[in-house]
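Encoded as structure tokens, the structure appears first; notes follow it.
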Amino acid sequence: MDIGKSFTFVFEDDAWITKILIAAAILFLGVFFSWLLLIPLILAVALLNGYMVEIIRRVVGGEVDALPEWDNWGDLISEGLKVLIIQIVYALPIIILTGCLIIPIVATAENAEGLSVFLGVVLSCFTVLWAIAATIVLPAATAIFAATGELAAAFRFGEVFALVRDNLSTYLITLVMSWVASFLGGLGGVVCGLGSFLTAPYGTMVTGHLYAQAYVASTAPPAQAAVEEEVE
């Protein structure tokens, strides 16, 4: 994997400023109008996710010279909503366990404080462990969906887990670099207030490139993968 490429490819597009500004405007409007039943925010996130899917497809297909255009918004929303579905499905164990334990935790808070604390610790530990596991697996599931165009492919759990298991080092690197991209995405809000509306889309673009590189490295024939490593 060429990690540096994932963080710099955005700036190789002649119109990168315009494309990031469009993404920033989408995110800003989504947040600004989020009081409308969260629908604008969901649509904004879907658009950004859809754009990420398009980046994954381009990188998997060998087209890495330019960012996608902001067109076919209907397709971007549709693809982005599918990514949200993938993320929700892989988070279901946490959602289900939280729903099962939250009532016992609240019910035993006064009369059985020790049990309440124990259940809370169990829930917290499981949440952290599953969140890490999901963060490792989601790049593979998302890239498989993007590459095949089939939502169901992301839920062939045996294939997804096998891909990650057989290329664990690749996906651990992707996990760490995705965290770095997320950190950079939120850094704008800390450094310059509203700057996160610019840096968050950049983080999403970097993440898409990382996901695609991990998928290509994981699915390339051994001989081809060896050649690519020598070139890098």
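The values are calculated or read from the model by the stated rules, or taken from the named source; none is laboratory data. Just so we're clear, the structure is a prediction, and the values are computed from it rather than from any experiment. Neighbour counts run over all protein chains shown; Cβ positions are idealised from the backbone, glycine included. SASA here: full protein model, heavy atoms, side chains in, ligands and nucleic acids out. Shrake-Rupley method; radii C 1.70, N 1.55, O 1.52, S 1.80 Å.
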* Asked: Quick one: is L36 more than 19 Å from the chain's Cα centre (by Cα), in a helix (DSSP H, G or I) and over 22 Å from L138 (Cα atoms)?
  -> no
* **Top-ranked residue of the stretch 133-160 - restricted to ones that are touching a residue at least 12 places away in the same chain (Cβ under 8 Å) and farther than 14 Å from I86 by Cα, ranked as least open to solvent (accessible area, probe 1.4 Å)** => A147
* To do: Could you please let me know if E69 is among the acidic types (D, E) and modelled with pLDDT of 85 or more?
  => yes
* **Filter pass, A154 being at pLDDT 85 or above, part of a helix (DSSP H, G or I) and within 20 Å of M52 (Cβ to Cβ)** => yes
* **Counted residues, the stretch 105-119 - those being part of a helix (DSSP H, G or I) and either at pLDDT 75 or above or surrounded by 15 or more Cβ atoms within 10 Å (Cβ to Cβ) (or both)** => 3
* To do: Would you check which residues across the stretch 2-33 are part of a helix (DSSP H, G or I) and aromatic (F, W, Y) and list them?
  => F7, F9, F11, W16, F28, F32
